[in-house]
Amino acid sequence: MVQVLEKKLQEIFDKQTMYQWEARKTTAEQRAQKLMDLKEAILSRMDCFVEAASLDFVTPASTAQNQIYSVIQAIDYAIENVAKWMQPELVENPQDGEAYVLYEARGRVCIFGTWNSPMSVTIHPLAEALAAGNCVVLKPSELNPNYNKVLLEVIEAVFDEQEVALVQGEADVSEQLLKLPFDHFFFTGSPRVGKIVMREAANHLAAVTLELGGKSPAIIDKGYDLVKAAQNLVFGKVLMGGQFCISPDYIFVHKEDITAFAELYRQMTVGMLYDDGKIRSVERTQIVNEQHYKRIKNLFEDALAKGAVILSGGAFDDDKRLIEPTLLGGVTAGMLIAEEEIFGPLTFVRTYTDVEEVLQYIQANPKPLALYMFSDNENFQQQILASTSSGGVTINGIFMHNTHLPLPFGGVNHSGIGSFHGIHGFKMFSHNRAIYKVN
Ligand code: NAD
């Protein structure tokens, strides 16, 4: 079985090794056309994707559709800009000639995806890798078998294997792919597996992009409108059941605001999820599988057993694998929830009296993927920006730095290496070749 798999992957890799020299010569019009074909193939299967997302784990239709539309936007953005991105970038000319940077395709790219937002972690980077003129192998997560069937249909309808191939399977398939000397590995997933990918990529000195996760903090300045802060932060946990790499993981609230904030968090949760006291389960994303459900429930139970208290929520539906957005207080070091990425609809508050306590805590922990702050005070905002690091930041909102395509999206160290989205993805999937011509 392993040999059959090895042979199949080697076959695809050999085809792409040959074809990469054609792919890199394609014009902006040809690349834009491929992207348009990709977009059409996705849109014409919208209903199939929505149904598949609900079969793999219960995902509201609106969430599944929004994930697709956000990727369609990224494809459109690449179509619009690919000709501009491909232009050589002139630098200051030397006295005896000219100098410029040529963005040339890296060659063969392998993309590994997660299950939580299967279109964004596979097709979005694919679009930018294609804009840069690469050949690509996609390996989506094994936890979306139904979604992967539709993705495979799309890829097969638009591409020959020598340009783009999609392979399915568990970690053993990823391990086999990592043995092949791709020019670039693009991995979305946990820091644990990210380290494996980086170690294996080192064997071929392949470039890597690691889109990882971690514990993303939110900070509410004293005096900020708590209604707005609670609205955003509850939404940050309702969307995809908190199974989103940039979901706020924990929240710093000023000591004097904690009672009011907890009450507002409870009201917002009820407002977003309930109708006349009845849960609107149709709006809720299920926890992906039993293992993750137990993992999240264990974070909750461990915290309560060690002295944490429920400030809002706390309801678990074991049969449906649904968890109410839950806010905990009294979380201390040594509780699992304080150490591990939550990746679910739980969150906890840490109270502060002086912003220095907030800064010290964030500085003492691995750099997060996202950081949220709610403040109308420019000095406060600048102080937080200057004294912390994170992949990205949204001020007075939620997730926006991820959806604005001109901004790079990625982590820093423990939360990731390298960024994509728009021109940043195009450049990341390109080698920046220095050209010096003597006249
Ligand atoms: P994961 O690391 O368990 O799996 C990701 C991928 O790695 C899957 O395709 C899986 O098949 C593969 N894999 C598993 N074991 C492997 C091994 N030993 N060798 C090679 N490949 C292996 O992550 P997950 O549970 O699917 O996703 C959750 C994590 O992903 C969270 O940490 C979350 O923050 C992160 N995430 C990050 C982003 C981002 O854009 N930064 C987006 C979504 C999720």
Q) Using a basic spin-label model with each label point 7 Å from the Cα along Cα→Cβ, how many nm lie between Lys149 and Ala364? A) 5.1
(Q) I'd like the GluC sites (Glu not before Pro) in segment 160-260 restricted to DSSP loop residues with at most 14 other Cβ atoms within 10 Å, sorted by number. (A) Glu170
Q: Quick one: work out the % antiparallel among DSSP beta bridges in the chain, nearest 5.
A: 40
Q) Per residue of the chain, what 222 nm ellipticity follows from adding -39500 (n - 2.57) for every DSSP H run with n ≥ 4, rounded to the nearest 500? A) -14000 deg cm²/dmol
Q.
Connecting C-alpha atoms closer than 10 Å in a GNM of the chain, tell me which of Asp275, Asp76, Asp56 has the biggest fluctuation.
A. Asp275
Q: Kindly count the pairs of lysines across segment 216-403 whose alpha carbons are less than 24 Å apart, treating pairs on different chains or eight or more residues apart as eligible.
A: 19
**Q.** Estimated translational D of the chain in µm²/s (Stokes, Kirkwood radius over Cα pairs; 10 °C; 1.306 mPa s)
**A.** 69
Q. Quick one: helix 378-387 against the long Cα principal axis of the chain, what's the angle to the nearest 10°, folded into 0 to 90?
A. 60
Q. So what is the relative contact order for segment 216-403, in percent, with contacts set as C-alpha pairs under 8 Å and at least six apart?
A. 29
Q: Using only Cα atoms, find the angle between the long axis of helix 145-158 and the longest principal axis of the chain, and express it within 0 to 90 degrees, rounded to the nearest 10.
A: 30
**Q.** Projected-area average for segment 291-439 over all orientations - Cα convex hull basis, square nanometres
**A.** 13.3
Q) What angle, in degrees between 0 and 90 and rounded to the nearest 10, separates the Cα long axis of helix 290-305 from the longest principal axis of the Cα atoms of the chain? A) 40
Q: Using a Förster distance of 35 angstrom, determine the FRET efficiency expected from the C-beta separation of Tyr100 and Glu40, and round it to 0.05.
A: 0.50
Q: Report relative contact order for the chain in percent, whole number only (criteria: Cα-Cα under 8 Å, sequence separation at least 6).
A: 19
Q: Return the FRET efficiency for the residue pair Ser70, Glu29: r is the Cβ-Cβ distance, R0 is 22 Å, and the value is rounded to the nearest 0.05.
A: 0.30
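No lab work stands behind these numbers, since they all come straight from the coordinates. Since this is a predicted model, take the numbers as computed values, not measurements. Heads up, the Cβs are rebuilt from the backbone with ideal geometry, glycines too, and the neighbour counts pull from every protein chain shown.
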